[in-house]
Structures are given as structure tokens and as C-alpha cells.
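The values are calculated or read from the model by the stated rules, or taken from the named source; none is laboratory data. Since the structure is predicted, the reported quantities are computational estimates derived from the model, not experimental observations. Neighbour counts run over all protein chains shown; Cβ positions are idealised from the backbone, glycine included. With ligands, DNA and RNA removed, areas are computed over all heavy atoms of the protein, side chains included. Shrake-Rupley method; radii C 1.70, N 1.55, O 1.52, S 1.80 Å.
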Amino acid sequence: MPLLIDSAIPRAHLPADCVAGRDVVIHAHELVIEPGVRLDDGVRLVGDRIHLGRDVHLGAGADLRAGHVSIGDNSEIAAGVRVLCADSFSTGPAARICTGVDIVARAFDAGRLLYVGPHSTVGGGGTLESTATVRIGDRVTVGPHNVLNANCLIEIGSDVGSGQYVSIWTHGYHFAHSVLDGYGTAFEGVRIGNKVWLGYHCSVMPGADIGDSCIVAAGAVVAKSFPPCRLLAGVPAREKALFEQPPLTDDQAMHEVRQALAAWQRELDWKGMKTDSSDDRWSVHLPGCTRVVELWQDAAQATALDSAAEGRIVVALDGEPQTSVDGLPVFVLRRGLLLGPTDDLVEDLRDHLRRRTMPCGDTRTFNSITPLPFQRLQQAITPTTYGGKV
């Protein structure tokens, strides 16, 4: 069956390069689809207003229903994701929502570079209530098998991460322990500040407010509010330490970046590429060309040179590029920036730096080059789509 669009749509814009699989159904009063969108088999979109940004990919069997659906540029919604939001479901650019994620709430609104790991749930009871709202900042990672029970507001700041099996609860009661018998119930929202880490299998209970830059240890149960910069651990969680990490000196920071780039060179060798290095320069020999990664302390100094020199990739600790970088990829690590053009090698370096806690750029999802041994194994398997159909 070809793409079916509700005939009642008074405003619709579908670019010629929109790719839609079989049994794709869209019901909306206002529909905007930007160039490069791909809708795999069995996708269903329902909403009064639907906007899909540039190069959005919705995997087979994805079912997104909300009063207003808005998905930012370069986002990926995996096969089998289910969304049911009465008011709105929106993400900024570069969202990645993995297989088996289920989102049920009145509203779910997230910023740039959202990642929701496989088989995570926004739900867990009470999420059809008027108060069932989730608000998430930029560059947030929700680990696999997480539960966000949004009976009441869950507010998560920017640069937050969680391990596997983390749960956030906004309501708790048991009908056999009635308030008429003197028992209490818990219906309160949860706030998590900026730059917070939630460790493996920890739980955040109704009413908790976790301050900026806190670290919650694995298995902890956070049942009250804590100020910023605390290490929290235990059941119930208690403050174990106050930490104010001083920033590294420039020399110390440059050493850490050199270590990260040396590790990247080893990974490229494993991926089947020929490399060599000398003085803060790492050369990657590709068919027909050589790319040179240069490490600089100041981006202005690096870009004052011939920025158009073929094959350069600049990694700078800090600073402002001095000239246009239209033809030159430039990482500025302390500012979290990636400027200029990108390609597979640049994205592989970007992903490696992310894994070394130096993420740059938040307008594209992270991707890396697959090592040759894994490529051979993957090519030996016939690819299938959602539901087992070839």
C-alpha cells in the first residue's frame, strides 16, 4: 500500500525526496515534512500538527500519536517505538530513541541530542493524568531499561546521564494501605538538575530534587532533595561527599587530549586503516588521500593557517576560530563545538571524543566506523526489517 495521508489535511508539504515504505499512515490537520525524511514500513503518525525535520528517520512499525508531533533535524526513531501523548511529543535535533521504547504521558518535550536507550519506558502507571508531563533539556542520555513514571512532572536539566535500570517515580501508594487508615500516599514531581549522573539501578522517589552536578551511586534510593555537587549513595541515599572539582590547567588538559587521540589511532588501526603520528599530528591514510588531525591549544592559531589545506582536521582545546571554517572541520573541546564540514572520519573522531567525555556538536546523532571484522560478520547476515519481513 502506498503512503496514505488523511484527505482532511488543509496544509501539507511533502518534498520529492521523502521516502515512505509500505502501509505508512498519517492523520493530521497540518503536516510539514522536510527534505530527506525516511518513513519505513508500517509507520503511523497521528496528530493535529506534525512536523518532521530534515533527514528524520522513523523505523518500521513506529507509532507516534500526539496532539502535536515535532521531531528535530537528523533524528532517529527506531523500529517499534510507541508514543501516546495527549498534548505534545517533541524533540530537538539529533534525537535517537531506540528499539522498544514506550512513551505515554500528557506531554513529552525534550531538547537537542536526546538519547533514550532500548526498552525504556515513560509510563509505569498514572501517566494519563492531567499532571503527566516530562520536560528534558539538551544532551540528555536515558539509559536502557529506564522507567520514568510521569504521573506528575518530571523535569530533567541539560547534560544529564543515567545508567541501566534507573527508575524515577512521581507517585506511590498501595490500595490496601488506605489514607482512611492513616497511611500516606506520594504524588509529587521530581526535578533533576544539570550535569547529574544517575548510576546503575538507582531509584529517584516522589518529591526528590537533585541539585546540579550531583553523582548518584549505583543502587541508591534518593528520597529527598540535595544541593549541588554531592555524591549520593545508600538506601536511603545520604550525602557521602561534597566535591568541587577544579578545572585542569591547559597543560594537563592537553595531555588528556593527546591520550584520547592516541587511543583513537589504536582504534583506527583495529578498524583496518593505516595511520601514523608525530608531534600532535595524527595522519590517517585513506584510499586516494591522507587526512591529518592536528592538536592545537588555541583554535584561533589553528585557523590562522591555510584553512583550505586539503585533508586537515583541527582539534583545539579552546578559543575562537579566526576565519571561516566552511572547508575545515574544527573541534573546540572546552566549548563542545564542532564547526565546518563533516564526514565519516570526522564523525568517528567525534564519537570517540564523546566516549572520552569530550562531546562536541549537538545537531547530529553520534556514529562511528564499524571495524572490518564486524563488517564481515554483519554482511554475512541477511538484513531483515521489523516483524521479520525481508
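One table, with the values for the structure above:
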item: Selection status of Val315, of a type in the set (A, V, I, L, M, F, W, C), surrounded by 14 or more Cβ atoms within 10 Å (Cβ to Cβ) and not in a loop (DSSP other than H, G, I, E, B); result: yes
item: Flag for Ile168 being open to solvent by less than 10 Å² (accessible area, probe 1.4 Å), under 16 Å from Cys85 (Cα atoms) and either modelled with pLDDT of 95 or more or not aromatic (Phe, Trp, Tyr) (or both); result: no
item: Among (1) at pLDDT 95 or above; (2) of a type in the set (D, E, K, R); (3) within 30 Å of Ser203 (Cα to Cα), the one test that Arg258 misses; result: (3)
item: Which numbered condition Cys289 misses (of (1) in contact with a Leu (Cβ under 8 Å, 6 or more places away or on another chain); (2) within 30 Å of Pro373 (Cα to Cα)); result: (1)
item: Test for Thr133: is it without any contact (Cβ under 8 Å) to a residue 24 or more places away in the chain and under 22 Å from Val196 (Cα atoms); result: no
item: Answer from Arg230, Arg135, Arg139 - the residue that is among the basic types (Lys, Arg), crowded, with 18+ Cβ neighbours inside 10 Å and touching a strand residue (DSSP E or B) at 6+ places or on another chain (Cβ under 8 Å); result: Arg230
item: Residue match in the range 216-225 (condition: surrounded by fewer than 22 Cβ atoms within 10 Å (Cβ to Cβ) and touching a Leu at 6+ places or on another chain (Cβ under 9 Å)); result: yes
item: Filtered residues of the range 260-289 (kept if open to solvent by 70 Å² or more (accessible area, probe 1.4 Å), out of contact with any strand residue (DSSP E or B) (no Cβ under 6 Å at 6 or more places or on another chain) and touching a residue at least 12 places away in the same chain (Cβ under 8 Å)); result: Glu267, Trp270
item: Strands (runs of 3 or more DSSP E) lying entirely in the range 146-215 (those with 1 or more residues that are closer than 17 Å to Ala233 by Cβ); result: 167-169, 190-192
item: Residue match in the range 300-309 (condition: aliphatic (A, V, I, L, M), in a strand (DSSP E or B) and more than 29 Å from Ile192 (Cα to Cα)); result: no
item: Count of the range 83-100 residues which are open to solvent by less than 30 Å² (accessible area, probe 1.4 Å), part of a strand (DSSP E or B) and farther than 22 Å from Thr131 by Cα; result: 1
item: Criterion (acidic (Asp, Glu) and on the phi < 0 side of the Ramachandran plot) met by exactly one of Asp344, Asp279; result: Asp344
item: Members of the range 114-130 found to be open to solvent by 20 Å² or more (accessible area, probe 1.4 Å), in contact with an Asp or Glu (Cβ under 9 Å, 6 or more places away or on another chain) and either touching a residue at least 60 places away in the same chain (Cβ under 8 Å) or among the hydroxyl-bearing types (Ser, Thr, Tyr) (or both), listed by number; result: Thr121
item: Hits in the range 142-161 (condition: more than 22 Å from Cys360 (Cβ to Cβ) and open to solvent by 30 Å² or more (accessible area, probe 1.4 Å)); result: Pro144, His145, Val147, Leu153, Glu155
item: Condition check for Arg191: at pLDDT 95 or above, over 19 Å from Gly157 (Cα atoms) and surrounded by 12 or more Cβ atoms within 10 Å (Cβ to Cβ); result: no
item: Subset of the range 334-365 (residues that are out of contact with any strand residue (DSSP E or B) (no Cβ under 8 Å at 6 or more places or on another chain), farther than 23 Å from Ala253 by Cα, in a loop (DSSP other than H, G, I, E, B) and without any contact (Cβ under 8 Å) to a residue 60 or more places away in the chain); result: Pro341, Thr342, Asp343
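Here is a yes/no grid of residues against (1) more than 24 Å from the chain's Cα centre (by Cα); (2) among the small types (Gly, Ala, Ser):
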| residue | (1), (2) |
| --- | --- |
| Ile215 | no, no |
| Pro228 | no, no |
| Leu231 | yes, no |
| Val235 | yes, no |
| Arg238 | yes, no |
| Ala241 | yes, yes |
